[in-house]
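The values are calculated or read from the model by the stated rules, or taken from the named source; none is laboratory data. Values in this document were obtained by computation on a predicted structure and should not be read as measured data. Ideal geometry is used to build each Cβ from the backbone, glycine not excepted, and the neighbour counts take in all protein chains shown. The accessibility values were calculated without ligands, DNA or RNA, using every heavy atom of the protein model including side chains. Shrake-Rupley method; radii C 1.70, N 1.55, O 1.52, S 1.80 Å.
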Amino acid sequence: MVTRRTPLPGVGTQYDVATRDGRHISVVAHEDGRRFVSFFDPEDPDACACTVPLEPEEAARLASVMAPERAEAALGVAELGIDLVTERIPIEPDSPYRGRPMGDTKARTRTGASIVAVLRRTGAHPSPGPDFRLEAGDTLLVVGTREGVDDLADIVAGV
């Protein structure tokens, strides 16, 4: 059995599994928590036969069935009392923060949410400082509570 892990910048990570009998299964774990399981045609390993989207609870349940010893050892988010989300927020051309330093948003102070990276056509900019200038077309990778992330999306949109 062969397993390959491929980072997908700005999206998440893809895990490909080739079984001993030549079947190809792929899981794409998106940064926002979404999971997709894809099954490929055994006659043509590049042709996707079916893709199944999984809700977070479904992905966790499937993982616990596939590897019960690991699921028992892992602490769940609810057990830790942490309710964080990761989301991508676009900088639209009409954003009041287009062309301005990221620090002008006062994101963490106003919402508690953190901008952990800025995704730009030319590449990812992890841990940008307050002087990093935002451009239309940028995407903010944000971590925080659901309410904080939603508030930051409103601020960046000028709502």
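Restricting the first member to region 54-65 and to residues that are surrounded by fewer than 16 Cβ atoms within 10 Å (Cβ to Cβ), and the second to residues that are in a helix (DSSP H, G or I), the beta-carbon pairs closer than 7 Å and six or more apart or on different chains are Ser64/Ala71. For the condition in contact with a helix residue (DSSP H, G or I) (Cβ under 9 Å, 6 or more places away or on another chain) and surrounded by fewer than 20 Cβ atoms within 10 Å (Cβ to Cβ), Glu147 qualifies. Selection within region 129-140: residues that are under 25 Å from Pro7 (Cβ atoms) and at pLDDT 90 or above. The member of this set that is surrounded by the most Cβ atoms within 10 Å (Cβ to Cβ) is Leu140. Against the test of being within 30 Å of Pro130 (Cα to Cα), assigned to a loop (DSSP other than H, G, I, E, B) and either open to solvent by less than 90 Å² (accessible area, probe 1.4 Å) or modelled with pLDDT under 85 (or both), the options Gly103, Gly33 yield a single qualifying residue, Gly33.
Of the conditions (1) modelled with pLDDT of 90 or more; (2) exposed (fewer than 14 other Cβ atoms within 10 Å of the Cβ), Pro126 satisfies every one except a single condition; which number is it? That leaves (1) as the condition not met. Among the residues of region 111-123, those that are in contact with a Pro (Cβ under 9 Å, 6 or more places away or on another chain) and open to solvent by less than 40 Å² (accessible area, probe 1.4 Å) comprise Ile115, Ala117, Val118, Leu119, Gly123. Looking at region 39-57, can you tell me whether even one residue there is over 14 Å from the mean Cα position of the chain (by Cα), under 30 Å from Val116 (Cα atoms) and not in a strand (DSSP E or B)? Scanning region 39-57 turns up at least one residue that is over 14 Å from the mean Cα position of the chain (by Cα), under 30 Å from Val116 (Cα atoms) and not in a strand (DSSP E or B).
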